[in-house]
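A.B. asks: Before anything else, here's the structure in question.
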Amino acid sequence: MTQTGIRDTTDAELDRILESAAEAAEAFGALAPRERAAMLRAVGDAVDAAADDLVPIARRESRLPEARLKGELARTTFQLRLFAEVLEDGAYLEAAVDHPDPEWPVGPRPDVRRILEPLGPVVVFGASNFPFAFSVIGGDSASALAAGNPVVVKAHPGHPELSVRTGEVVTAALRAAGAPDGVFSVVLGQETGRSAVLHPLTRAVGFTGSIPGGRALHDLAVGRPDPIPFYGELGSLNPVFVTRAAAKARADEILSGYADSFTLGTGQFCTKPGVLLVPEGTPMDSLAESVRERPGAPMLNERIEHGYAEGYRSLAGHDAVEVLVEGGRHDDADGTSVWTPSLVRTTATRFLENSEDLLEERFGPVSLVVTYTDPAEALGVADALPGQLTATVHGEDSDDQAGPLLDRLRRRAGRVLWNGWPTGVSVTHAMHHGGPYPATTSVLHTSVGSTAIRRFLRPVCYQQIPQHHLPEALRDGNPLGIPRRIDGELRLP
């Protein structure tokens with residue numbers, strides 16, 4: 001049972017919930033895209049209407065400020081409406097029709113038609129640091145619902161009351177919009193989450209969280225008698241490389257932006273820049289002073305505080321590291337515990353010698369500055385990096401150091417930035433929020449942006465099937481009015 005008195009879901013309840021989801025899957029997946037689009041908009045409207053109820057609960061459970069939570073809620077409902085537009089467009093189905101061709105070069109071709117179809121019940125694990133946007137009705141849930149899959153959300157223990165209440169709002173909105181019963185549910189409990197991953201009716205899992213927790217669940221998912229897709233966002237250092245030319249031209253501007261980025265949200269963003277590479281001799285005094293002047297802010301919960309404190313101690317106490325700014329926990333005027341940021345430094349040589357320790361993500365308000373003596377050292381650090389969500393280069397237009405860096409970093413990150421900062425992930429069509437392991441467990445997909453829907457769809461090919469048995473999206477005449485590839489040619493409605 002949680003501290004708020006909300007009890008964990010029992011095994012029998014989980015069975016009933018997933019059985020209901022499986023029963024709803026066929027009818028929900030068979031709805032026309034425009035019908036599901038209307039349901040997503042209804043959910044967005046309902047969540048917006050419940051903001052005055054939901055935001056105070058989120059504040060109490062997450063310690064996040066009201067303005068941040070209101071902005072995050074708006075982002076959440078925007079995601080739902082974006083996926084509604086994706087459904088109405090129809091291109092996400094990747095519908096393709098190849099008519100019979102007796103002269104096809106590799107032999108006579110039959111009538112072959114292909115489309116993407118829903119997987120079935122999806123289990124989504126809510127994240128700790130975004131109680132709306134990556135939680136109950138966040139991006140994973142929105143994209144899975146848009147694809148036509150029932151969703152069972154495993155609530156994060158950091159905000160159980162908010163999760164239950166949000167689930168009630170979403171379920172009521174879907175029911176009022178005509179969705180089948182069982183399309184959306186919220187469950188609670190650590191063991192419940194494990195059981196949900198292993199449940200034979202679960203068809204896929206979406207997860208945002210730590211590397212140890214995500215990897216354990218991933219291994220359960222792929223170790224089942226019938227392995228299922230596990231889409232986990234786990235950990236990332238989001239390195240930032242500053243070229244010699246950029247440091248010479250605008251060091252103060254870059255260092256100021258770095259301080260703003262790594263302290264944003266008390267360092268509790270998955271895209272926080274955890275490592276900054278700068279040329280040896282870059283002045284650190286102004287950066288250290290800027291970090292010291294930053295006000296403290298609460299962390300999300302005691303469990304995250306404890307994890308951060310341990311991670312910071314291991315980093316600051318490492319022989320290869322020098323502490324520039326010693327932040328930590330303090331009590332403000334009203335007795336609230338707040339954390340001020342810390343800053344540490346090492347050299348590229350020491351970093352590479354101790355990469356196993358220094359490449360560990362520290363979730364919280366600390367970042368590591370690494371100085372390099374020549375471009376080859378910076379490339380050596382880039383080569384040592386594991387998979388990342390983001391990698392950034394600050395350079396100049398005529399910068400001979402930038403090209404080789406960008407070439408290295410695009411192989412290791414899902415999003416590569418130029419003269420910017422990785423915190424702040426835009427919800428848009430071209431966004432990719434993913435990367436090679438350990439950033440994510442599936443390098444092929446994103447958890448943010450319209451193409452996130454692709455994770456929860458599978459291709460089905462229909463050969464020589466009569467028209468009246470085909471999905472509408474594949475029938476002659478294009479009754480849904482969607483983009484399709486006909487005999488190799490892309491045709492718009």
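A.B. asks: On average, how much accessible surface per residue is there in the stretch 432-477, in Å², for a 1.4 Å probe, leaving out ligands, DNA and RNA?
C.D. replies: Ligands and nucleic acids excluded, the figure is 46 Å² per residue.
A.B. asks: Just how far, in whole angstrom, is the stretch 401-469 from the stretch 49-70 if you go by their alpha carbon centroids?
C.D. replies: Cα centroid of the stretch 49-70 versus Cα centroid of the stretch 401-469: 30 Å apart.
A.B. asks: Something else about it: Which value in deg cm²/dmol, rounded to the nearest 500, describes the helix-derived mean residue ellipticity at 222 nm for the chain, given -39,500 (n - 2.57) per DSSP H run of n ≥ 4 and division by the residue count?
C.D. replies: My calculation for the chain gives -12000 deg cm²/dmol from helical runs alone.
A.B. asks: Could you size up the charge dipole of the chain around its Cα centre, putting +1 on the beta carbon of Lys and Arg and -1 on that of Asp and Glu, and report it in debye to the nearest 20?
C.D. replies: On the way: 46 positive and 65 negative charges, 125 e Å.
That gives the chain a dipole magnitude of about 600 debye.
A.B. asks: Next up: How much net charge surrounds PHE78 when only other residues with a Cβ under 15 Å from its Cβ are counted (Lys, Arg +1; Asp, Glu -1)?
C.D. replies: Values: positive: ARG41, LYS70, ARG75, ARG81; negative: ASP45, ASP48, GLU72, GLU85.
That works out to 0.
A.B. asks: If R₀ is 30 angstrom, what is the calculated FRET efficiency for the pair GLU23 and GLU94, using the beta carbon separation as r and rounding to 0.05?
C.D. replies: It comes to 0.65.
A.B. asks: Considering only VAL460, HIS429, LEU359, whose Cα is most displaced toward the positive end of the charge dipole of the stretch 351-474, charges sitting on Cβ of Lys, Arg (+1) and Asp, Glu (-1)?
C.D. replies: Value: VAL460.
A.B. asks: Of the listed values [x] 42, 29, 19; [y] 48, 27, 21; [z] 34, 25, 23, identify the label whose number matches semi-axes √(5λ) of the Cα gyration tensor in Å calculated from this model.
C.D. replies: Recomputing semi-axes √(5λ) of the Cα gyration tensor in Å here picks out [x].
A.B. asks: Sequence-distant or interchain residues sharing an amide H contact under 5 Å with LEU277, placed H: which?
C.D. replies: Close amide H contacts, sequence-distant or interchain: VAL240, PHE241, VAL242, VAL370.
A.B. asks: HN-Hα J couplings of the stretch 415-427 from phi, Karplus 6.51/-1.76/1.60, θ = phi - 60°, integer Hz, Gly and Pro as x?
C.D. replies: Here the 3J(HN,Hα) series is 9, 10, 10, 10, 6, x, 9, x, 5, x, 10, 6, 8 Hz.
A.B. asks: Right, another one. Sort 175-184, 102-111, 333-342 by packing, meaning the average of other beta carbons within 10 Å per residue, with the highest value first.
C.D. replies: Values: 175-184: 18.7, 102-111: 9.8, 333-342: 15.0.
The packing order, highest mean first, is 175-184, 333-342, 102-111.
A.B. asks: For the stretch 348-416, compute Rg over Rh where Rg is the Cα radius of gyration and Rh is the Kirkwood radius from the inverse mean 1/r over Cα pairs. Before the final figure, lay out each step's value.
C.D. replies: Values: Rg = 12.4 Å, Rh = 13.0 Å.
Using only Cα positions, Rg/Rh for the stretch 348-416 is 0.95.
A.B. asks: Counting only the heavy atoms of the protein chains, how much of GLU191 is accessible to a 1.4 Å probe, in Å² to the nearest 10?
C.D. replies: Accessible area of GLU191: about 110 Å².
A.B. asks: Probe 1.4 Å, all protein chains in place: accessible area of MET431 in Å², nearest 10?
C.D. replies: 30
A.B. asks: Next question, about the same structure. Tell me the label-point distance for the pair ARG60, VAL443, using the 7 Å Cα-to-Cβ offset, in nm and rounded to one decimal.
C.D. replies: Calculated label separation equals 4.6 nm.
A.B. asks: Show me 258-265, 206-213, 24-31 ranked by packing, highest mean number of other Cβ atoms within 10 Å first.
C.D. replies: Descending packing order for the listed peptides: 258-265, 206-213, 24-31.
A.B. asks: Specify the inter-centroid distance of the stretch 143-160 and the stretch 348-381, based on alpha-carbon positions, in whole Å.
C.D. replies: Their Cα centres are 36 Å away from one another.
A.B. asks: Which whole-Hz ³J(HN,Hα) couplings does the stretch 225-242 yield from phi under the Karplus relation 6.51 cos²θ - 1.76 cosθ + 1.60, θ = phi - 60°, glycine and proline marked x?
C.D. replies: Couplings: x, 10, x, 10, x, 10, 9, x, 9, 10, x, 7, 8, 6, x, 10, 10, 10 Hz.
A.B. asks: Would you mind working out the magnitude of the charge dipole of the stretch 185-263 relative to its Cα centre, with +1 at each Lys and Arg C-beta and -1 at each Asp and Glu C-beta, to the nearest 20 Debye?
C.D. replies: Here the size comes out at about 180 debye.
A.B. asks: Let me cross-check LYS70: its accessible surface, 1.4 Å probe, with only protein heavy atoms counted, in Å² to the nearest 10?
C.D. replies: Estimated to the nearest 10 Å², LYS70 gives 110 Å².
A.B. asks: Would you mind telling me the antiparallel percentage of the DSSP bridges in the chain, rounded to 5? Working shown, then result.
C.D. replies: On the way: 23 of 62 bridges.
DSSP beta bridges in the chain are roughly 35 percent antiparallel.
A.B. asks: Could you please state, rounded to a whole Å, how far the C-alpha centre of the stretch 212-230 is from the C-alpha centre of the stretch 79-117?
C.D. replies: If we compute the Cα centre of each part, the gap is 30 Å.
A.B. asks: Test of understanding: what is the full-extension gain from ARG81 to GLU289, defined as 0.36 nm times their sequence separation minus their Cα-Cα distance?
C.D. replies: Here the answer is 70.6 nm.
A.B. asks: Using amide H atoms built 1.01 Å from N in the peptide plane, name the residues 5+ places from ALA413, or on other chains, whose amide H lies under 5 Å from its own.
C.D. replies: Excluding prolines and chain starts, which carry no amide H, the hits are GLN388.
A.B. asks: Around ASP374, under 11 Å between beta carbons, what's the net of Lys plus Arg minus Asp minus Glu among the other residues?
C.D. replies: The answer is -1.
The values are calculated or read from the model by the stated rules, or taken from the named source; none is laboratory data. Quick caveat: nothing in here was measured; it's all calculated off a predicted structure. So basically every Cβ, Gly included, is an ideal-geometry build from the backbone, and we count neighbours across all protein chains shown. Protein only, heavy atoms only, side chains kept; ligands, DNA and RNA dropped before computing areas. Shrake-Rupley method; radii C 1.70, N 1.55, O 1.52, S 1.80 Å.
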